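Visitor: Below is one structure. I have some questions about it.
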Amino acid sequence: MASYPILPEKLLLISLKMYFTPDRTLTYLHDLLNPANEIVHPTNKDKLLLALIPDFLTIWPCAQILKEYETNLAATTRTPNPTPTFLLGAQDCFWESQGAYTGEVSPASIRALGCSIVELGHAERRAIFNETDAQTARKAAATCAQHMVPLVCIGEVTAPGPIASQAVGQAVTECAVLVRAVLAAIPDDAPVIFAYEPVWAIGQPKPAGVDHVAAVVQGIRAVIGVRAGTARVLYGGSAGPGLWGAGGLGRAVDGMFAHQIEGVREVVREVEETLALV
Ligand SMILES: O=C[C@H](O)COP(=O)(O)O
């Protein structure tokens, strides 16, 4: 019987959006996995996992690269059938698994190619393609039905005003609508990830302030409440090195998004330091 993926304590996600050509995506993945770059530490996998979320066209070759990587690792460490040291995700999926839905991508196919995470309801999809909370919730249910983890993007649209408490309350209220819709649509024991991405902080020169993120994430965790399945809350929105460590987001969230290879390496080190892994 299929089971849900087990989520580690901390997750670092890399969404390539539509930035790269296919060859560049594959080079990027090779660079992430290259031991010389000291990014992926297989011994940390119970506590910290990286996931790459490439475009649909490169999921298959990325899955092949990861399979070869895991096979070599298993041979080197003499561990038969080890749990993955690196996860693969998709940037969206449809809510049906098969049928006459031209241009859509089936969650069953995504799963068959080796993905364990599906990003859903990203602010860009909501703004450009008018995706709704109800559609995102249906997609989350379809993702869980394939025993993958929905990575649901939430976040307020308007930047905080001068009164911090009001800004936090408004943000939590906006996020809560989709959080509740998704939790009502998926099984209680299904793992789920919420990516708190304030819309006003995506693609900007700097991320949202730590205090704002910490307070909103606390509010989001209260909305999630107690459930049987694991729920992780990550931060996304111009995240990068320097955001995690002392006085940073490490105390508030279960992971972040990251991008450039150099930046990913630095973020991994910062998370490892707080976990005292190396
Ligand atoms: O997928 C990542 C989030 O949308 C954040 O993107 P960003 O780091 O470019 O702001």
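The values are calculated or read from the model by the stated rules, or taken from the named source; none is laboratory data. Every value quoted in this text rests on a predicted model; they were computed, and no experiment measured them. Cβ: placed from backbone, ideal geometry, glycine included. Neighbour counts: every protein chain shown.
Visitor: Report yes if some residue within the range 236-248 is among the aromatic types (Phe, Trp, Tyr) and in contact with a Leu (Cβ under 8 Å, 6 or more places away or on another chain); otherwise report no.
Guide: No, every residue in the range 236-248 fails to be among the aromatic types (Phe, Trp, Tyr) and in contact with a Leu (Cβ under 8 Å, 6 or more places away or on another chain).
Visitor: I'd like to check which helices (runs of 4 or more DSSP H) are fully inside the range 106-169 and have at least 2 residues that are surrounded by fewer than 18 Cβ atoms within 10 Å (Cβ to Cβ) and within 16 Å of the ligand (Cβ to nearest atom).
Guide: 123-129
Visitor: In addition: Given the options Val152, Val118, name the one that is within 20 Å of Ala231 (Cβ to Cβ), without any contact (Cβ under 8 Å) to a residue 40 or more places away in the chain and in contact with a Ser or Thr (Cβ under 7 Å, 6 or more places away or on another chain).
Guide: Values: Val152 fails: without any contact (Cβ under 8 Å) to a residue 40 or more places away in the chain.
Going through Val152, Val118 in turn, the sole match is Val118.
Visitor: State which residue is nearest to Pro5 (Cα to Cα) when the search covers only the range 223-241 and only residues that are touching a residue at least 12 places away in the same chain (Cβ under 8 Å) and surrounded by fewer than 16 Cβ atoms within 10 Å (Cβ to Cβ). Outline the logic, then answer.
Guide: So in the range 223-241, the residues touching a residue at least 12 places away in the same chain (Cβ under 8 Å) come out as 223-224, 227-241.
Okay, now just the ones that are also surrounded by fewer than 16 Cβ atoms within 10 Å (Cβ to Cβ), so 227-228.
On the way: Arg227: 17, Ala228: 14 Å.
Per the criteria, the residue is Ala228.
Visitor: So Ala63 ticks every box in (1) under 19 Å from the mean Cα position of the chain (by Cα); (2) closer than 26 Å to Asp23 by Cα; (3) of a type in the set (A, V, I, L, M); (4) crowded, with 18+ Cβ neighbours inside 10 Å but one. Which box is left unticked?
Guide: Just one mismatch for Ala63, condition (4).
Visitor: Now for a separate question. With the condition kept exactly as written, say whether any residue in the range 199-214 is within 19 Å of the chain's Cα centre (by Cα), closer than 29 Å to Ser3 by Cβ and surrounded by 17 or more Cβ atoms within 10 Å (Cβ to Cβ).
Guide: No, every residue in the range 199-214 fails to be within 19 Å of the chain's Cα centre (by Cα), closer than 29 Å to Ser3 by Cβ and surrounded by 17 or more Cβ atoms within 10 Å (Cβ to Cβ).
Visitor: Then there's this: Would you pick out the residues in the range 84-103 that are surrounded by 13 or more Cβ atoms within 10 Å (Cβ to Cβ) and out of contact with any helix residue (DSSP H, G or I) (no Cβ under 8 Å at 6 or more places or on another chain)?
Guide: Filtering the range 84-103 down to residues surrounded by 13 or more Cβ atoms within 10 Å (Cβ to Cβ) leaves 84-97.
Of everything in the range 84-103, those that are surrounded by 13 or more Cβ atoms within 10 Å (Cβ to Cβ) and out of contact with any helix residue (DSSP H, G or I) (no Cβ under 8 Å at 6 or more places or on another chain) turn out to be Leu87, Gly89.
Visitor: Right, Leu178: over 17 Å from Ile53 (Cα atoms) and within 16 Å of the ligand (Cβ to nearest atom) or not?
Guide: yes
Visitor: Related question: Mind checking whether some residue in the range 89-102 is touching a Ser or Thr at 6+ places or on another chain (Cβ under 8 Å), of a type in the set (D, E, K, R) and not in a helix (DSSP H, G or I)? Explain how you work it out, then say what you get.
Guide: Filtering the range 89-102 down to residues touching a Ser or Thr at 6+ places or on another chain (Cβ under 8 Å) leaves 89, 91, 93-94, 96-98.
Then keep just the ones that are of a type in the set (D, E, K, R); that gives 96.
Still in the list and also not in a helix (DSSP H, G or I): 96.
Within the range 89-102 (the criterion being touching a Ser or Thr at 6+ places or on another chain (Cβ under 8 Å), of a type in the set (D, E, K, R) and not in a helix (DSSP H, G or I)), the answer is yes, since at least one residue qualifies.
Visitor: Now a separate question. For Ala239, are the conditions met, namely being assigned to a loop (DSSP other than H, G, I, E, B), farther than 25 Å from Cys144 by Cβ, small (Gly, Ala, Ser) and within 18 Å of the chain's Cα centre (by Cα)?
Guide: In short, yes.
Visitor: May I pose another question? Scan the range 180-194 residue by residue and report those that are part of a loop (DSSP other than H, G, I, E, B) and basic (Lys, Arg).
Guide: Listed by number, the list is empty, since nothing qualifies.
Visitor: Okay, moving on. Among the residues in the range 190-198, are any more than 20 Å from Leu49 (Cα to Cα), in contact with a helix residue (DSSP H, G or I) (Cβ under 9 Å, 6 or more places away or on another chain) and within 16 Å of the ligand (Cβ to nearest atom)? Spell out how you get there, then give the answer.
Guide: Just the residues of the range 190-198 that are more than 20 Å from Leu49 (Cα to Cα), to begin with: 198.
Narrowing further to those that are in contact with a helix residue (DSSP H, G or I) (Cβ under 9 Å, 6 or more places away or on another chain): 198.
Those left that are additionally within 16 Å of the ligand (Cβ to nearest atom): 198.
Yes.
Visitor: Looking only at residues in the range 10-54 that are away from the ligand (no atom under 16 Å from the Cβ), outside any loop (DSSP other than H, G, I, E, B) and among the hydroxyl-bearing types (Ser, Thr, Tyr), which one is modelled with the highest pLDDT?
Guide: The residue in question is Thr27.
Visitor: Still on this structure, I have one more. If you go through the range 243-278, how many residues are in a loop (DSSP other than H, G, I, E, B) and without any contact (Cβ under 8 Å) to a residue 24 or more places away in the chain?
Guide: 3
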